[in-house]
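Asker: Quick one: the structure is below, questions incoming.
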Ligand SMILES: Cc1cc2nc3c(=O)[nH]c(=O)nc-3n(C[C@H](O)[C@H](O)[C@H](O)COP(=O)(O)OP(=O)(O)OC[C@H]3O[C@@H](n4cnc5c(N)ncnc54)[C@H](O)[C@@H]3O)c2cc1C
């Protein structure tokens, strides 16, 4: 059997691409290879579950283009497919005048990106929306929503399966070679042939791309995001999503509060370099991956910057010391106490770093002859997934 296309990775991107490709080429034989026993076992099942409304992304970026459309489409998709979703809205609070200027920038970005209903609000209006949040003013985006992110991935995979896509689980791709114009994909247990490859391997997408001679300028560095969970009795202090004003120099949003569709409230995530691409616990060290990161010149270019080191040091403290995490979170909701927080899940960002050691902000895809590599599918990758998948399929079919 020679597949028309082999997709590597069954996170939200791989499943959305499989669904979109099957819809466009119904006669094609499509195979998704996933190393885990199910879909959404990594980043797509370990995120905040937020459907972002699109004011954080720089205008003109792919993220800006796909986030607003993706938000609208993902909310509709969740309703159609019976996946839990609530339109709770988002507030970003300003604690001082410096933060207020960041909020004005975000509002401007939101307007340019076409985010519906976004506006700056005063302290009284903030109190009506989030009575326990501190802030001299805030940015309010009513389009912000929360969703069962793993539920979305399962629904996308079910759509793809209904359209004839095959899924192979427990199949870690080890090697890809080209033979007679086809790709030969070897997994731990078997081998598959395909005419086209779409690499959606998340944290390992740079390695897969490099094995085919792509991704020469970039490397993925894993940034872990740890969450704490509020005790059920204190979850009532958060009604929607409450963010601090972000540092726009970094693609991290700062420790914030998110109500989940199950009613729990998460605080976090922070952003700390992880000692392995799937090292979800701070004690988990993958020696080989840590060494290869430390030997990469991009790593030293990244950490040499004073501002990055200051940010990294603050973030490291929030990982090792609950007190540091809680004190950051209490800047937004001072009524909370340390005993209200217990350690929760963590997720890892597949953050692309370029040759000069800069954290790449936008979604990146690289094309080769009949191969597409999805690199840097970082936040808000869940929100962007539906239009982004269409874009990936367009790029693939352009080559026909
Ligand atoms: C802490 C955190 C919070 C986030 N919060 C949000 C949010 O609230 N809203 C939002 O829009 N976005 C959010 N994001 C971003 C979003 O989760 C990601 O953009 C998205 O999940 C990326 O999906 P993916 O399919 O690329 O990666 P993944 O979900 O990681 O999927 C990649 C898959 O590839 C598989 N794979 C890897 N290597 C191989 C191999 N060699 N062979 C076979 N299979 C392989 C993996 O097992 C995995 O299943 C967040 C991200 C993080 C880290």
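The values are calculated or read from the model by the stated rules, or taken from the named source; none is laboratory data. All values derive from a computational prediction rather than experimental measurement. No Cβ is skipped: glycine too gets one built from the backbone with ideal geometry, and neighbour counts run over all protein chains shown.
Asker: Can you find a residue in region 279-291 that is in contact with a helix residue (DSSP H, G or I) (Cβ under 7 Å, 6 or more places away or on another chain) and modelled with pLDDT under 95?
Answerer: For region 279-291, residues in contact with a helix residue (DSSP H, G or I) (Cβ under 7 Å, 6 or more places away or on another chain) and modelled with pLDDT under 95: present.
Asker: Still on this structure, please answer the following. Hey, can you tell me all the residues within region 211-232 that are within 12 Å of the ligand (Cβ to nearest atom) and outside any strand (DSSP E or B)? Write out each step before concluding.
Answerer: Here is the first cut: in region 211-232, the ones within 12 Å of the ligand (Cβ to nearest atom) are 211, 220, 222-227.
Result: 211, single match.
Asker: Could you please find all residues in region 78-105 being more than 13 Å from the ligand (Cβ to nearest atom) and either within 18 Å of the chain's Cα centre (by Cα) or assigned to a helix (DSSP H, G or I) (or both)? Let's see the steps before the verdict.
Answerer: Let us first name the residues in region 78-105 that are more than 13 Å from the ligand (Cβ to nearest atom), namely 79-84, 86-87, 89, 91-105.
Residues satisfying the conditions are 79, 80, 97, 98, 99, 100, 101, 102, 103, 104, 105.
Asker: Is at least one residue of region 143-151 surrounded by 17 or more Cβ atoms within 10 Å (Cβ to Cβ), in a helix (DSSP H, G or I) and away from the ligand (no atom under 12 Å from the Cβ)?
Answerer: yes
Asker: Any idea which of 248, 237 is under 21 Å from residue 56 (Cα atoms), surrounded by fewer than 19 Cβ atoms within 10 Å (Cβ to Cβ) and away from the ligand (no atom under 11 Å from the Cβ)?
Answerer: Just one listed residue meets the conditions, 248.
Asker: Another question, if that's okay. Could you please find all residues in region 47-66 being buried (at least 24 other Cβ atoms within 10 Å of the Cβ) and within 22 Å of residue 398 (Cα to Cα)?
Answerer: 63, 66
Asker: Taking region 335-352, which residues are in contact with a strand residue (DSSP E or B) (Cβ under 6 Å, 6 or more places away or on another chain) and more than 16 Å from the ligand (Cβ to nearest atom)?
Answerer: Selection gives 340, 341, 342.
Asker: Run down 26, 71, 44 and say which single residue is more than 8 Å from the ligand (Cβ to nearest atom), crowded, with 21+ Cβ neighbours inside 10 Å and either in contact (Cβ under 8 Å) with a residue 24 or more places away in the chain or assigned to a helix (DSSP H, G or I) (or both).
Answerer: 71
Asker: Also, I was wondering about something else. Condition (residue is within 20 Å of the chain's Cα centre (by Cα) and free of Cβ contacts under 8 Å to residues at least 24 places away in the same chain) applied to region 273-282: is it met by at least one residue?
Answerer: yes
Asker: Here are the criteria: (1) assigned to a helix (DSSP H, G or I); (2) within 13 Å of the ligand (Cβ to nearest atom). Tell me which single one residue 36 does not satisfy.
Answerer: Just one mismatch for residue 36, condition (1).
Asker: Shifting gears a bit: Of the numbered conditions (1) surrounded by 18 or more Cβ atoms within 10 Å (Cβ to Cβ); (2) assigned to a helix (DSSP H, G or I), residue 317 satisfies every one except a single condition; which is it?
Answerer: Exception for residue 317: condition (1).
Asker: Can you give me the number of residues within region 176-191 that are touching a helix residue (DSSP H, G or I) at 6+ places or on another chain (Cβ under 8 Å) and more than 25 Å from residue 157 (Cβ to Cβ)?
Answerer: 0
Asker: Could you say whether any residue in region 303-311 is surrounded by 18 or more Cβ atoms within 10 Å (Cβ to Cβ) and in contact (Cβ under 8 Å) with a residue 40 or more places away in the chain?
Answerer: Among the residues of region 303-311, not one is surrounded by 18 or more Cβ atoms within 10 Å (Cβ to Cβ) and in contact (Cβ under 8 Å) with a residue 40 or more places away in the chain, which makes the answer no.
Asker: Shifting gears a bit: When you look at residue 184, is it free of Cβ contacts under 8 Å to residues at least 12 places away in the same chain, touching a strand residue (DSSP E or B) at 6+ places or on another chain (Cβ under 6 Å), away from the ligand (no atom under 14 Å from the Cβ) and more than 30 Å from residue 94 (Cβ to Cβ), yes or no?
Answerer: Working: free of Cβ contacts under 8 Å to residues at least 12 places away in the same chain: yes; touching a strand residue (DSSP E or B) at 6+ places or on another chain (Cβ under 6 Å): yes; away from the ligand (no atom under 14 Å from the Cβ): yes; more than 30 Å from residue 94 (Cβ to Cβ): yes.
Taking the combined requirement at face value, the residue satisfies it.
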